[in-house]
Amino acid sequence: MPQVKRNKRGILHSAPIYIFLILVSLPIVIAYLWLFASSFSSKLTLGIFPKGLTLNNWRFLWSEIKLGLTAFESIWPVTLNSILLAGSITILEVIISLLAGFALSRMDFPGKDLIMKTTIILHAFPGVALLIALFYVLNFINLLDSIMGVVLVKVALELPMATWMIKGFFDEIPWELEWAAYIDGCNKFQLWYKVILPQIKPGISAVAIFAFLAGWSEFIYSYTFLFSSEHYTLAVFLKNLIGDFRFLDYGLLAAAGLFYLIPVIVFFLISQKSLMKINFGGIKG
Amino acid sequence: MRVILRDITKKFGTFVAVDNLNLNIHDGEFVALLGPSGCGKSTTLLMLAGIYKPDKGKIIFGNKNVTHELPKDRNVGMCFQNYALYPHMTVFENIAFPLKLRKMPRDIIEKKVNQIARKFHLDSLLNRRPSEISGGQQQRVALARALVKEPKILLLDEPLSNLDSGLRISMRAEIKKLQKDLGITTVFVTHDQTEALSMCDKIAVMNKGTLQDFDTPEKLYSQPKNQFIAEFIGNPPMNFLDVVCIREGDKVYLKGTSFKIELPERAKREFAQIQNGEKVILGIRPENLKLTSEGQNTVKGEIYVVEPLGRDKLVNVKIGTNRIKVIAPQDYNGNMGENVFVRLDMDKIHLFSSEDGNSLRMSA
Amino acid sequence: MEQYVQEKSLPVAYPKEAAETHVKRKSSFIAALPFIGPFLILIVLFYLVPVVLTIVMSFTGMDFTLEWKFVGLKNYIKLCQDKSAGIAALNTLKYVASTLLINVGFGFLLAITTTYFTKKQNTGLLFQTIWMLPRMTPAVIYALLWLWFLDPTEYGMLNAFFGKLFNAPPRDWILTSPMPVVIIANGLIGASLGMVVFSAAIKSIPESYFHAASVDGATDWDIIRYVIIPFLKWPIMFMTIWQTLSLLTSYEYILLITDGGPLNKSEVWALYSYHKAFGSYEFGYGAAISVVLVIIAVIIALVMLKVFGYDAMMNRGKTKVQG
């Protein structure tokens with residue numbers, strides 16, 4: 001992709017552009033700086049300038065958080081739930097989309113066209129509009145108030161997108177490679193596993209990261225379909241914490257928020273470029 | 001192993017890619033499938049490999065009908081235009097892959113791969129990946145992979161067209177030598193008639209899904225069965241002029257817009273079936289034309305442009321509304337716009353029906 | 001004689017995917033089932049069944065007991081007379097229209113400033129990365145940042161800013177202007193999507209167009225007007241429709257930041273359905289409210305399929321660029 005080169009423009013010329021970009025981006029930068037700063041300080045002046053270094057805001061890591069008589073559960077089991085949720089979503093979504101993407105890209109079977117069209121429509125169709133019916137379905141198959149229930153719902157709602165992305169990766173693989181594999185003696189499964197999958201490793205990891213982050217950030221389904229506190233995920237936990245501490249202790253909220261944000265930051269830093277591309281730019285962006 | 005294609009037809013939707021093809025390839029023969037893009041030659045090759053299944057007809061390897069067999073059961077080796085090497089495997093793993101899938105013991109695999117790698121001068125590259133070696137090397141890996149399982153039939157799909165021109169010419173000889181050494185029945189798909197002429201024992205010329213002719217390169221060149229073959233084989237291509245046949249007594253003339261030439265005895269016999277007044281197409285190769293001064297049986301024209309080729313010059317001459325190419329010696333110094341006379345080597349002419357393009361040669 | 005060599009590589013003249021291969025012929029639906037089966041089960045169970053259920057439920061008075069008590073059109077009649085629903089509908093209209101404007105307009109502005117005007121690719125990428133942050137941030141934390149930003153005491157960023165600069169007393173922004181808050185909060189997220197999609201589209205314009213325009217003496221404005229915008233016509237149309245759909249149905253951020261309050265002032269249609277179902281446990285009525293969304297969503301999805309075709313629908317960014 002060629003970068004648009006503008007040779008004639010000098011610094012003076014582009015100054016207004018940079019000033020504009022800095023001004024509009026500043027609040028975002030400040031907000032994230034605040035999150036960081038206030039989690040480590042006992043007091044902030046003027047909103048963002050930290051005063052007094054403390055680790056007290058991070059106390060939830062080693063002790064219970066109490067507010068009056070109510071005590072919040074420890075953050076560790078909650079974190080474990082979030083890992084379980086995001087991990088299961090990732091594994092299921094990757095495996096199922098790899099299988100289905102292969103069928104849609106490389107196989108020919110009756111109903112394929114219908115499945116493709118449905119997939120496209122569902123892709124645009126927002127799952128949250130179906131929350132009430134999903135509640136009923138989960139109750140019916142006895143997966144209400146269970147992390148697995150949320151996992152299945154989330155995987156299903158993300159599958160059309162993930163499958164289509166994987167299909168796109170498969171489509172790029174030259175047919176000759178598949179033919180060569182058949183001539184060398186592969187059967188269909190060997191072809192999928194030994195020849196095709198290794199070609200799209202970067203694509204698989206991109207889909208996996210995307211699935212993990214989506215699962216990790218998941219809020220509305222956990223909030224609606226999980227009632228027992230032993231099933232709470234970090235998103236629900238934090239939502240409750242915000243409800244109780246909002247006007248009392250931003251330091252604690254910032255620390256907890258930052259704790260929740262860690263995997264996102266890590267993945268964002270290591271895969272920022274590819275994530276940007278697949279997230280909304282399609283595969284090739 | 002001999003290969004027989006009998007009444008093979010393959011359609012994609014309503015498009016007929018291969019139409020009722022019959023081929024008889026002898027054991028150890030090197031055969032080219034030659035034709036322009038879309039002529040069905042690649043489809044034919046893929047049917048031989050077992051990737052595509054014919055809609056009609058039979059494919060026989062040796063004495064066995066393999067029409068319904070899967071690629072992996074046919075024991076063919078194939079080399080693709082883009083080589084289709086597995087990018088995630090090293091050169092060694094690529095070559096070893098067909099053997100691994102046959103569950104051969106590891107030490108035998110290693111022996112065989114090393115052996116063939118030496119033959120193809122790949123010893124030092126075994127740990128590299130396809131992306132780390134040159135195009136020519138990739139091609140040798142592809143050949144090694146195709147041959148390591150000791151197939152009975154070798155299929156080559158435009159194996160040379162991704163190489164640069166120097167390498168392509170040297171690989172032509174290499175592959176020809178290899179095929180002769182191994183004595184393996186080989187089918188070679190190409191759109192380049194030079195490759196087909198220089199490498200193969202026999203050429204099947206295809207156009208729009210149908211077989212035009214299947215014969216030796218010499219025969220196809222000297223006695224093309226129809227105008228398509230005549231035009232497709234030979235470089236620079238054959239010239240064509242619209243003429244009318246005129247019989248006056250026992251003399252036969254070909255009359256063009258601005259010329260009238262007499263047929264010699266031999267040509268008269270060969271083309272005896274042509275009627276008086278029949279419109280035919282005269283074909284003559286550039287090397288059978290000579291620029292000369294005015295005389296008997298010459299055609300007057302005007303130099304359109306001169307293309308020096310190094311060894312000789314190619315002179316484009318305008319004759320009426322037709323344009324022909326003439327090979328002239330290196331020291332020829334005609335200029336654009338000058339009038340010239342072209343003498344035809346009348347023993348080397350071809351005449352085609354203006355209706356169906358078929359050759360009007362009697363014995364053909 | 002190399003100069004006579006005919007065309008170098010041949011495009012295969014038939015569509016390979018349409019080709020029935022030997023191996024493919026055998027793979028009927030049964031052969032494909034191991035590959036496509038798990039996908040189908042999940043899609044049917046959590047997509048198709050819920051769509052049907054939503055519609056059926058809307059004709060019942062289902063409550064938390066989840067019993068089917070069919071009541072005919074009662075829910076729909078109630079919906080027509082429901083004042084809160086009217087407010088929600090009006091809010092939704094305002095919300096979608098204004099947010100769209102930010103998403104597309106501001107997204108375009110960001111795209112053009114970070115792609116076209118920024119000399120160094122890395123600088124543009126840095127700003128794009130900053131704008132992607134909110135999108136990558138879990139909704140709960142994004143909401144937390146807004147709650148702090150708008151905190152009614154001088155502790156909040158906005159109040160601290162205005163207090164210092166204009167000596168203004170602290171205001172409760174969420175209480176006084178919930179709709180702008182909701183619109184801007186969602187707009188920032190959507191703008192980053194617009195930014196990425198439009199940037200990709202701008203980058204895909206062949207560079208020769210810019211060179212040609214420069215040679216012809218075009219100013220930046222001319223280039224934007226006559227080169228970039230015509231190229232971005234399809235992506236912009238696509239973004240607009242796509243975002244309309246997701247804005248209509250998304251309510252996660254609103255739920256977390258204002259929860260529709262105060263007093264229904266920022267209640268939108270989708271959130272109203274949520275509140276009815278999971279706040280007051282009127283599942284049947286909530287479903288009836290959802291059905292409206294389901295119908296709109298299906299229509300928009302079908303229209304998009306018709307207008308943009310397969311590829312653009314799935315690869316949101318890889319939109320068609322047609323001059």
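I'd like to compare C:82-89, B:274-281, A:117-124: which one has the highest average count of other Cβ atoms within 10 Å, and what's the full order after that? Intermediate values should be presented prior to the final figure.
On the way: C:82-89: 16.4, B:274-281: 14.6, A:117-124: 19.8.
Going by the mean number of other Cβ atoms within 10 Å, highest first, we get A:117-124, C:82-89, B:274-281.
At an R0 of 35 angstrom, the distance between the Cβ atoms of residue C:204 and residue B:170 translates into a FRET efficiency of 0.30. Here the relative contact order of chain C, from alpha carbon pairs under 8 Å that lie six or more residues apart, stands at 26 percent. For the set B:219/B:300; B:300/B:325; B:58/B:202; B:152/B:202, the pairs lying more than 24 angstrom apart at their alpha carbons are B:219/B:300.
Relative to the Cα centre, the charge distribution of region B:239-353, modelled as +1 at Lys and Arg Cβ and -1 at Asp and Glu Cβ, gives a dipole magnitude of about 180 debye. Mean residue ellipticity at 222 nm, helices only, chain B: -7500 deg cm²/dmol; runs of at least 4 DSSP H residues each add -39,500 (n - 2.57), and the sum is divided by the number of residues.
Kindly state, to the nearest 0.05, the FRET efficiency for residue B:356 paired with residue B:68, given R0 = 45 Å and r defined as their beta-carbon distance. If you can, show how the numbers build up before the last one.
Details: r = 37 Å, r/R0 = 0.82.
The computed FRET efficiency comes out at 0.75.
Under 5 Å from the amide H of residue C:266 lie the amide H atoms of C:261, each residue being 5 or more positions distant or on a separate chain, with H modelled from the backbone and absent for Pro and chain starts.
Straight-distance candidates among the lysines for linking to residue C:69, with alpha-carbon spacing under 26 Å and chain neighbours fewer than 8 residues away dropped: C:78, C:83, C:276. With contributions of -39500 (n - 2.57) from each DSSP H run of at least four residues, the per-residue ellipticity at 222 nm computed over chain A stands at -22500 deg cm²/dmol.
Pop a pseudo-label 7 angstrom from the Cα along the beta-carbon direction at both residue A:114 and residue A:193 and give the gap in nm to one decimal. Each label point is offset 7 Å from its Cα along the Cβ direction, giving 3.1 nm. Pairs from the list B:11/B:100; A:43/A:66; A:194/B:176 with a Cα-Cα gap above 26 Å: B:11/B:100; A:194/B:176.
Between residue B:251 and residue C:176, the simple spin-label model (points 7 angstrom out along Cα→Cβ) gives 11.4 nm.
Against the compact-protein benchmark of 2.2 N^0.38 Å, the Cα-based radius of gyration of chain A scales to 1.25. Across peptide A:113-122, the mean count of Cβ atoms from other chains lying within 10 Å of each residue's own Cβ comes to 5. Within 10 Å of the Cβ of each residue in C:266-277, the mean number of Cβ atoms contributed by other protein chains is 2. Fully extending the segment from residue C:120 to residue C:65 would add 13.7 nm, taking 0.36 nm per residue of separation and subtracting the current Cα-Cα distance. Rounded to the nearest whole Hz, the Karplus-based 3J(HN,Hα) values (6.51 cos²θ - 1.76 cosθ + 1.60, θ = phi - 60°) of region A:29-36 follow the sequence 4, 4, 4, 6, 5, 4, 4, 5, with x at glycine and proline. Between the residues B:3, B:18, B:50, the greatest Cα displacement towards the positive end of the dipole of region B:1-112, with unit charges on the Cβ of Lys, Arg, Asp and Glu, is found for B:50. Annotation: amide H-H contacts under 5 Å for residue B:11 (H modelled 1.01 Å from N, sequence separation of 5 or more, or interchain): B:17, B:55. Positive end of the dipole of the protein assembly as shown, charges at C-beta (+1 Lys, Arg; -1 Asp, Glu), about the Cα centre: which of C:309, B:357, A:169 has its Cα farthest in that direction? Working it through, the farthest residue towards the positive pole turns out to be B:357. Cα to Cα, under 17 Å, and not fewer than 8 places away if on the same chain: which aspartates and glutamates meet these conditions relative to residue B:180? List returned: B:27, B:29, B:150, B:195, B:201. As a size descriptor, the averaged projected area of the C-alpha convex hull of region A:176-225 was calculated at 4.9 nm².
Decide, for the protein assembly as shown, between rounded, prolate and oblate: order the square roots of the alpha carbon gyration tensor eigenvalues as a ≥ b ≥ c, take rounded if a/c falls under 1.5, and otherwise choose prolate if a/b is larger than b/c, else oblate. List each step's numbers first, then the result.
On the way: a/c = 2.54, a/b = 2.12, b/c = 1.20.
Note, shape of the protein assembly as shown comes out prolate.
For region A:142-189, the list of chymotrypsin sites (Phe, Trp or Tyr not before Pro) that fall in a loop by DSSP and count at most 12 other C-beta atoms within 10 angstrom is empty. Between residue B:287 and residue B:269, the distance separating the two model label sites (each 7 Å from Cα on the Cα→Cβ line) works out to 2.5 nm.
Show that you can apply the helix-only estimate: for chain C, add -39,500 (n - 2.57) for every DSSP H stretch of four or more residues, divide by all residues, and state [θ] at 222 nm to the nearest 500.
Details: 17 runs with 206 residues, N = 323.
After summing the helix terms and dividing by residue count, I get -20000 deg cm²/dmol.
Here the 3J(HN,Hα) profile of region A:80-88, calculated from phi with Karplus coefficients 6.51, -1.76 and 1.60 at θ = phi - 60°, is 4, 4, 5, 5, 4, 4, 5, x, 4 Hz, Gly and Pro shown as x. What the Cβ-Cβ distance of residue A:18 and residue A:43 gives, at R0 = 22 Å and to the nearest 0.05, is a FRET efficiency of 0.05.
Relative to the Cα centre, the charge distribution of chain B, modelled as +1 at Lys and Arg Cβ and -1 at Asp and Glu Cβ, gives a dipole magnitude of about 1260 debye. Here's the list of aspartates and glutamates a cross-link from residue C:203 could span, going by alpha-carbon distance under 17 Å and ignoring same-chain residues fewer than 8 apart: C:220.
Read-outs: derived from the displayed coordinates by stated rules, not from any lab. Small disclaimer: the values here were computed from a predicted structure and weren't measured. For neighbour counting, all protein chains shown are included, and Cβ atoms are generated from backbone atoms with ideal geometry for every residue, glycine included.
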